[in-house]
């Protein structure tokens, strides 16, 4: 009887021990699981913070580098734009000079001048102005009027007090000798041959040139205006006083029509 009771007690104790051991094991598993979850959350949070930092700081650096790169490029871009604008300006100036300037007169202050055709002197002057007159294909009567005014108003002589560039040909009561000169619009081709395509054709040029002489005579005196022979081969002799030589150019119809 006692033996049986003793065995029962041992079995009960073993059962309780096994239950306690199992409970302890379950508690350890639960504790370990919670610890692992906390570690995982901590690691995840840390990783997330690291990822945020990784995304944040490089983006700031990239922005700063982008701004610096733009600032570095800005002067170069402005310089390139400036070069392009200057090139266009230079090209436009060449085009303007070559294509749009119209009537052209070369003025020479002379002590004397004369024109000879076929070994015969047909015109001669003493002190005054020798004017080589070139007509552009776009010239009109307006250009002729403007340039005739400039020719007579050009102050090429000194005044009574010795002041330079104070008197024109009218104030000095000097003469004017005009010579038609279509070659003033000549330019050399690639073969170095003269090209006169910008000069006015012979028939309209003679008519406009005659109008130019008429305007000069009406604005000054008939006996003070002399001429060569239009379209002829002429020998022009002069003694340039100074020498003083000026070029007058006017704009074609559609411009300001004022002599430069």
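The values are calculated or read from the model by the stated rules, or taken from the named source; none is laboratory data. It should be emphasised that the depicted structure is a prediction, and the values quoted were computed from it without experimental measurement. Cβ: placed from backbone, ideal geometry, glycine included. Neighbour counts: every protein chain shown.
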Q. Which residue pairs have Cβ atoms under 6 Å apart, sit 6 or more places apart or on different chains, and have a first residue in the range 177-205 that is free of Cβ contacts under 8 Å to residues at least 12 places away in the same chain and a second that is not in a strand (DSSP E or B)?
A. 194/186; 195/189
Q | Residue list for the range 212-242, restricted to those being assigned to a strand (DSSP E or B) and modelled with pLDDT of 95 or more | A | 225, 226, 227, 235, 236, 237, 238, 239, 240, 241
Q: Could you list all residues from the range 126-171 that are touching a residue at least 40 places away in the same chain (Cβ under 8 Å), out of contact with any helix residue (DSSP H, G or I) (no Cβ under 9 Å at 6 or more places or on another chain) and buried (at least 16 other Cβ atoms within 10 Å of the Cβ)?
A: 130, 142, 146, 150
Q. Hey, residue 208 hits all of (1) surrounded by fewer than 17 Cβ atoms within 10 Å (Cβ to Cβ); (2) at pLDDT 95 or above; (3) not in a strand (DSSP E or B) but one; which does it fall short on?
A. (1)
Q.
When you scan the range 213-220, do you find a residue that is closer than 25 Å to residue 124 by Cα, surrounded by 13 or more Cβ atoms within 10 Å (Cβ to Cβ), in contact with a strand residue (DSSP E or B) (Cβ under 7 Å, 6 or more places away or on another chain) and free of Cβ contacts under 8 Å to residues at least 60 places away in the same chain, even just one?
A. yes
Q. What number of residues within the range 163-205 are assigned to a strand (DSSP E or B) and farther than 20 Å from residue 108 by Cα?
A. 5
Q) Out of all the residues in the range 179-196, is one or more under 19 Å from residue 126 (Cα atoms) and modelled with pLDDT of 95 or more? A) yes
